[in-house]
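Asks: Dumping the structure here so I can ask a few things about it.
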Amino acid sequence: MMSCNYSSMKRVITALEHREPDRIPFDLGTTAGSGIHIKTYKRLLKYLGKNDIRDIEILDKVEKLAIIDDEISDILGIDTVGIFPDFPVIELSDKEDKEYHYYRDRWNILFRMPKISGNYLDIYQFPLSDIDTIADLKNYKWPSPYYSFDKIEEKIDKWDEGKNKKALVYVNMECGIFEFGLRLRGFENFLIDVYSNSKYACYLMDRILELKMKSWEKTIEKFGENITIIFEGDDLGSQDRPFLSVEIYKKYIKPRHKKLFDFIRKISKKNIYILFHSCGAIYSFIPDLIDIGVDILNPVQVSAAGMDTKRLKMEFGDDIAFWGGGIDTQYTLPRGSIKEVREEVKKRIEDLAPGGGFIFAPVHNVQPDVPIENLVTMLETLKEYGVY
């Protein structure tokens, strides 16, 4: 899948500049929104004849995503690599009982996963569920925005020494300003807060924004010369509708997104691209995201209401790039026939690839129920039809 005329970095940047490179750039495993479950990754290794004993690093402990190692990345023709924070492990803890494994993260959010047939962790307890005043919120023990740079430096050194330079995507902190509110307060509580306890909701989001800005400031100070793409996000939509009205987004969320993106661009040492992750039916927010400087949209959830790829490309393709949308991961990839997988990949390429502005990735993470035949069909179809 590789071309001698384009490095992976050049291929990705060309696409992000809305021009056509030699082929469509490909991402699998670069972010927590385009990853692959460790169970499926192990089956892929076996299929490739690489099921030798090797250490598989975990990208995301909650979603059980694997880090694709360099050898497999090159075999698959992946053009991107994720650079993730190494948060202090002293703030993490695990436990279990007869039915569940538990995991408490550094924000004091408690997750759990069934011991039988469990594939990933779900939020079980929200640390701010009973804290609904600003006075009480001020006493919450906030985690540090800083982390170790050791692993990042190792990855950058390895990337610089490689023959095929890949596009680096920097990921900071675990999720977005609005989404952190949902995770800390509980989904129902925080959605009510935004509408009826807005001073509290804004205080909480401003505290999260402050931590994010401190984290990005230190990261860019250290690695600003290397940073080309940064990953941020906020899940704003459900399957069939947005979580919020456009009016509420513009009033409370958009100004904070803008402040964060303006800050990142101000302190950056070179031009950067903002890759924004937001699941669900978010069609109505795209003009606002473009307005505040989002360059790339992920994961382009094609099965959600209003997220037709042909329409998205026609209306927004000149102003924003699409990173994802390559194939539906709710039905087609896990349960579709080989023919359906092939036809959908072809359709998404036809809709999103013309003129550049498209990085192929599945819609969100490849889950453990995906047959290896379907995953291989996706890869082969991309290789066949993804050439300009």
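Asks: What's the number of the only condition in (1) in contact with a helix residue (DSSP H, G or I) (Cβ under 8 Å, 6 or more places away or on another chain); (2) under 20 Å from Cys202 (Cα atoms) that Asp130 fails to meet?
Replies: Unmet for Asp130, out of (1) in contact with a helix residue (DSSP H, G or I) (Cβ under 8 Å, 6 or more places away or on another chain); (2) under 20 Å from Cys202 (Cα atoms): (1).
Asks: Given the criterion under 18 Å from Ile13 (Cα atoms) and either at pLDDT 95 or above or buried (at least 24 other Cβ atoms within 10 Å of the Cβ) (or both), identify the matching residue among Ile359, Ile292.
Replies: Details: Ile292 fails: under 18 Å from Ile13 (Cα atoms).
Only one candidate passes the filter, namely Ile359.
Asks: What pairs come out if I take residues in segment 225-253 that are free of Cβ contacts under 8 Å to residues at least 60 places away in the same chain and β-branched (Val, Ile, Thr) and pair them with residues that are buried (at least 17 other Cβ atoms within 10 Å of the Cβ) and in a strand (DSSP E or B) whose C-beta lies under 8 Å away, six or more apart or interchain?
Replies: Pairs found: Ile227/Leu168; Ile227/Tyr170.
Asks: Output the residues belonging to segment 137-151 that are surrounded by 12 or more Cβ atoms within 10 Å (Cβ to Cβ) and out of contact with any strand residue (DSSP E or B) (no Cβ under 6 Å at 6 or more places or on another chain). I'd like the intermediate steps shown before the answer.
Replies: Narrowing segment 137-151 to residues surrounded by 12 or more Cβ atoms within 10 Å (Cβ to Cβ): 137, 140, 142-149, 151.
Within segment 137-151, Leu137, Tyr140, Trp142, Pro143, Ser144, Pro145, Tyr146, Phe149 meet the criteria.
Asks: Still on this structure, I have one more. Keeping to segment 24-69, report how many residues are surrounded by 24 or more Cβ atoms within 10 Å (Cβ to Cβ) and over 23 Å from Thr381 (Cα atoms).
Replies: Counting residues in segment 24-69 that are surrounded by 24 or more Cβ atoms within 10 Å (Cβ to Cβ) and over 23 Å from Thr381 (Cα atoms) gives 1.
Asks: Next question, about the same structure. Take the conditions more than 20 Å from Val366 (Cα to Cα), at pLDDT 95 or above and among the hydroxyl-bearing types (Ser, Thr, Tyr) and apply them to Tyr331. Does it pass?
Replies: Values: more than 20 Å from Val366 (Cα to Cα): no; at pLDDT 95 or above: yes; among the hydroxyl-bearing types (Ser, Thr, Tyr): yes.
Spelling it out, it is not the case that Tyr331 is more than 20 Å from Val366 (Cα to Cα), at pLDDT 95 or above and among the hydroxyl-bearing types (Ser, Thr, Tyr).
Asks: Still on this structure, please answer the following. Quick check on Leu76: is it under 21 Å from the mean Cα position of the chain (by Cα) and either under 19 Å from Leu168 (Cβ atoms) or crowded, with 19+ Cβ neighbours inside 10 Å (or both)?
Replies: Against the criterion (under 21 Å from the mean Cα position of the chain (by Cα) and either under 19 Å from Leu168 (Cβ atoms) or crowded, with 19+ Cβ neighbours inside 10 Å (or both)), Leu76 qualifies.
Asks: Kindly provide the set of residues from segment 150-207 that are of a type in the set (S, T, N, Q), more than 17 Å from Gly29 (Cα to Cα) and in a loop (DSSP other than H, G, I, E, B), ordered by number.
Replies: Once the filter is applied, which keeps residues that are of a type in the set (S, T, N, Q), more than 17 Å from Gly29 (Cα to Cα) and in a loop (DSSP other than H, G, I, E, B), segment 150-207 yields Asn164, Asn197.
Asks: Ok, one more. Tally time: how many residues in segment 266-313 are of a type in the set (Val, Ile, Thr) and either part of a helix (DSSP H, G or I) or over 17 Å from Leu236 (Cβ atoms) (or both)?
Replies: Here is the first cut: in segment 266-313, the residues of a type in the set (Val, Ile, Thr) are 267, 272, 274, 282, 286, 290, 292, 294, 296, 300, 302, 309.
In the following step, the residues that additionally are either part of a helix (DSSP H, G or I) or over 17 Å from Leu236 (Cβ atoms) (or both) were identified as 267, 272, 286, 290, 309.
Looking only at that region, the number is 5.
The values are calculated or read from the model by the stated rules, or taken from the named source; none is laboratory data. Here the structure is a predicted model, which means the values were calculated and not measured. Counting neighbours? That spans all protein chains shown, and the Cβs are built from the backbone with ideal geometry, glycine included.
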